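Have a look at the structure below before the remarks.
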Amino acid sequence: MDIQNLKPSRDHCEPIYLQLYRRYCEAIAAGKLKPGDRVPSVRSLASELNLARGTVEAAYQMLVGEGYFVARGAAGTVVSPQLAKLAGATRPRIAAHRAPNASSPQGAPGEALPFQLGLPALDAFPRKTWARLAGRNLRALEAMAMTYPDPAGYGALRRSIATYLGIARGIDCTPEQVFVTAGYHGALELARRVVLQDGDTGWYEDPGYVLARRFLLQSGLRLEPVPVDDQGLDVVRGMQRAPDARFAVVTPTHQSPMGMAMSLPRRLELLEWARSNRAWIVEDDYDSEFRYHGRPLPALKSLDRHGRVLYTGTFSKVLLPGLRLAYLVVPESQMARTRAQVDYLPGPGSILPQATVADFMEQGHFARHLRKMRLLYAERRAYLVAALVSELGERIEVQPQAGGIHVLARLGAGQDDRALTAAAQARGLGLQALGDWRVGRADRGGLLMGFTNFATPEMALAAVRHLRAVMDAR
Ligand SMILES: Cc1ncc(COP(=O)(O)O)c(C=O)c1O
């Protein structure tokens, strides 16, 4: 194919790397580039088209991340041969530069259905290491683990989390600012008791994480849905809709479920709003560890100069949701109040799993596990995207995305995502409707699909064919 056909236009409103990405997708869909075809190196394409290398690299990283390309080191980069295996290549329609992500209503307890959201790869959990560390803790059964646990969390785990957040998320905090909780709900409940009052109004992203929205509403808070656009939560709209809001709950690193990162201007705007209104920001950093191109963005909390951000993280995506371990990092000014509040709450439970997570982190297994999972998830995501493109290419748009553990596929205008997912769920599929995560009206529906447990391309293909059968039957 003629390389000049890939040339992006400088007059186009879309960023150059996305134009390039899109041109490649279109060339593959049109058969101008075939599975196995070698593509030019980043360096030669950049010089040929007179583009910055970083621009070409960003497009290639997306194409690799989404399964269109396979990077073979010294042997160069090729169009994924997998696309041929998946056959019938229909034309993929690629959406504009928003990305999806994340996880959600977790399905019935104990369930791991095809497309189930929010689960890590259960088959890749490092059972042996875990069993060894857990066994050692059980055998030692020190007096510490035999007495009443500290409801603020096990000391060694609080220290490990503080160290990890400093290195990985740019957050400067002491272990005393870290409170281990029973899942994200536990962190929200603690934050609510420390800084909020019954009936307080807060901004909530629309679309946004549906389970936490329900939890906050039933805890007696009022939520004002604030739309998100490609820069994240629209702060100006928030100020117009609920100027008296006392708090905002946001997913700035990887918006749940759309997947874009909150832009720096928006972050600064939000922080300034919180400072000048003496409002609180709850930052939900649930899956920032999984980013497939570029470096993970620092947490919003890392920019918090006035102590207005309460930061939450969870071990559900990076280890196992069954652990029910998450954490809340409070500003120094709220440490004493939080310390006092945890005494009225059940806390995160038994010391033993907390001690095992602490050992896992301290001994370097955590960092290794994350590195492994990043590669594995990039691969598994590519299985799903390739299957979606080959089986449903004309009916959906797979949105480009930078990270996370789910894929968002948009449906055509007028298609009812809720009815479709209800039919799919009745047939044993665990996907969800974007419409169920929204409060306001949407232009188009979408399907939220987990991919972490598709261990082979065939598994992804089988699940997507199953979904296609559900669509055909409607
Ligand atoms: C947006 C979001 N935040 C937080 C969480 C973490 O919840 P938990 O710690 O209760 O598993 C999830 C899990 O699915 C999520 O999707």
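The values are calculated or read from the model by the stated rules, or taken from the named source; none is laboratory data. This structure is a prediction, so every number in the text was calculated from the model and none was measured. Note that we place each Cβ from the backbone using ideal geometry, even for glycine, and neighbour counts take in every protein chain shown. These area figures cover heavy atoms from the full protein model, side chains too; ligands, DNA and RNA do not enter into them. Shrake-Rupley method; radii C 1.70, N 1.55, O 1.52, S 1.80 Å.
Identify all lysines with a Cα-Cα distance to Lys34 below 23 Å; exclude those on the same chain that are fewer than 8 residues away in sequence.
Correct list for Lys34: Lys7, Lys85.
Run the dipole for region 146-363 about the Cα centre, Lys and Arg Cβ at +1, Asp and Glu Cβ at -1, nothing else charged, and hand back the magnitude in debye, nearest 20.
Numbers: 24 positive and 25 negative charges, 32 e Å.
Computed about the Cα centre, the dipole is about 160 debye.
Please state, rounded to one decimal and in Å, the Kirkwood hydrodynamic radius that region 234-323 gives when every pair of distinct Cα atoms enters the mean of 1/r. Provide the component values of the computation, followed by the final result.
On the way: mean 1/r = 0.0722 Å⁻¹.
Radius from the Kirkwood sum: 13.9 Å.
Using θ = phi - 60° and the Karplus relation 6.51 cos²θ - 1.76 cosθ + 1.60, list the HN-Hα couplings for region 240-251 in order, rounded to whole Hz, with x at every Gly or Pro.
For region 240-251, the Karplus-derived couplings read 6, 7, 9, x, 9, 4, 9, 7, 9, 10, 9, 10 Hz, x marking Gly and Pro.
Mean separation of Cα pairs under 8 Å and 6+ residues apart, divided by the residue count of the chain: what relative contact order is that in percent?
On the way: 929 pairs, mean separation 108.2, N = 474.
Dividing the mean separation by the residue count of the chain yields 23 percent.
Could you tell me how many degrees, from 0 to 90 and to the nearest 10, lie between the Cα long axis of helix 53-65 and the main elongation axis, the longest principal axis, of the Cα atoms of the chain?
Result, in degrees: 80.
Between Leu264 and Ala30, what is the spin-label point distance in nm, taking each point 7 Å from the Cα along the Cα→C-beta axis?
3.7 nm
Convert each backbone phi in region 195-208 into a coupling constant with the Karplus relation 6.51 cos²θ - 1.76 cosθ + 1.60 (shift: θ = phi - 60°), then list the ³J(HN,Hα) values in order as whole Hz, x for Gly and Pro.
10, 10, 10, 3, x, 4, 9, x, 7, 10, 4, 10, x, x
So if we plug the beta-carbon distance of Ile3 and Arg374 into 1/(1 + (r/R0)^6) with R0 = 25 Å, what FRET efficiency do we get, rounded to 0.05? Intermediate results must be reported in sequence, preceding the final value.
Working: r = 31 Å, r/R0 = 1.24.
Step by step, r from the Cβ atoms, then E = 0.20.
Give me the accessible area per residue for the chain, probe 1.4 Å, as a whole number in Å². Don't jump to the answer; show the numbers that get you there.
Working: 19870 Å² over 474 residues.
On a per-residue basis, the chain sits at 42 Å².
Once amide H atoms are built 1.01 Å from N in the peptide plane, which residues 5 or more positions from Ala248, or in another chain, come under 5 Å H to H?
Sorted by chain and number, the residues that satisfy this are Trp203, Trp280, Ile281, Val282.
List, in order, the whole-Hz ³J(HN,Hα) value for each residue of region 212-223 obtained from phi through the Karplus relation with A = 6.51, B = -1.76, C = 1.60 and θ = phi - 60°; use x for Gly and Pro.
5, 4, 4, 4, 5, 5, 6, 7, x, 9, 9, 10
Taking the full set of protein chains and a 1.4 angstrom probe, give the accessible area of Glu176 in square angstrom, rounded to the nearest 10.
100 Å²
Given a cut-off of 20 Å, what percent of all Cα-Cα pairs of region 312-392 lie beyond it? All intermediate terms of the calculation are to be shown ahead of the outcome.
Working: 1749 of 3240 pairs.
It works out to 54 percent of all Cα pairs.
How far is helix 457-472 tilted off the main Cα axis of the chain, in degrees rounded to 10, range 0 to 90?
Tilt relative to the chain: about 80 degrees.
Any idea how far apart Ala473 and Ala422 come out in nm if each label point goes 7 Å out from Cα toward Cβ?
In this crude spin-label approximation the distance works out to 1.5 nm.
Quantify how much of the Cα-Cα distance distribution of region 146-363 extends past 20 Å, in percent. Spell out each step's value before the answer.
Working: 12985 of 23653 pairs.
The calculated P(r) of region 146-363 puts 55 percent of pairs beyond 20 Å.
Kindly report, to the nearest 10 Å², the accessible surface of Arg278 as traced by a 1.4 Å probe over protein heavy atoms only.
150 Å²
Determine the calculated [θ] at 222 nm for the chain from helices alone, applying -39500 (n - 2.57) to every DSSP H run no shorter than 4 residues and normalising by the residue count; nearest 500 deg cm²/dmol. Each step should come with its number before you reach the end.
On the way: 16 runs with 189 residues, N = 474.
Taking each H run of at least 4 residues, the total per residue is -12500 deg cm²/dmol.
Mind computing the radius of gyration and Dmax over the alpha-carbon atoms of the chain? Å is fine for both.
22.7, 72
At R0 = 35 Å, how high is the FRET efficiency between Glu142 and Ser219 if r is their beta carbon distance? Nearest 0.05 is fine.
On the way: r = 36 Å, r/R0 = 1.04.
That gives a FRET efficiency of 0.45.
Just want the answer: with Cβ charges of +1 for Lys and Arg and -1 for Asp and Glu, which residue in His254, Ala52, Gln4 is farthest toward the dipole's positive end in the chain?
Gln4
How much length is gained on full extension from Ser333 to Leu122, taking 0.36 nm per residue of separation minus their Cα-Cα distance?
Taking 0.36 nm per residue and subtracting the Cα distance, the gain is 72.0 nm.
Ordering Thr356, Thr201 by how much accessible area each has at a 1.4 Å probe, largest first, what is the list? Walk me through the numbers on the way to the answer.
Numbers: Thr356 5, Thr201 30 Å².
Correct descending sequence by accessible area is Thr201, Thr356.
Count the DSSP beta bridges whose two residues both fall in the chain, then state the antiparallel fraction as a percent rounded to the nearest 5. It would help to have the intermediate numbers written out before the result.
Values: 27 of 46 bridges.
That works out to approximately 60 percent antiparallel.
Round to the nearest 10 and give me the degree value, 0 to 90, for the angle of helix 127-140's Cα axis relative to the longest principal axis of the chain.
10 degrees
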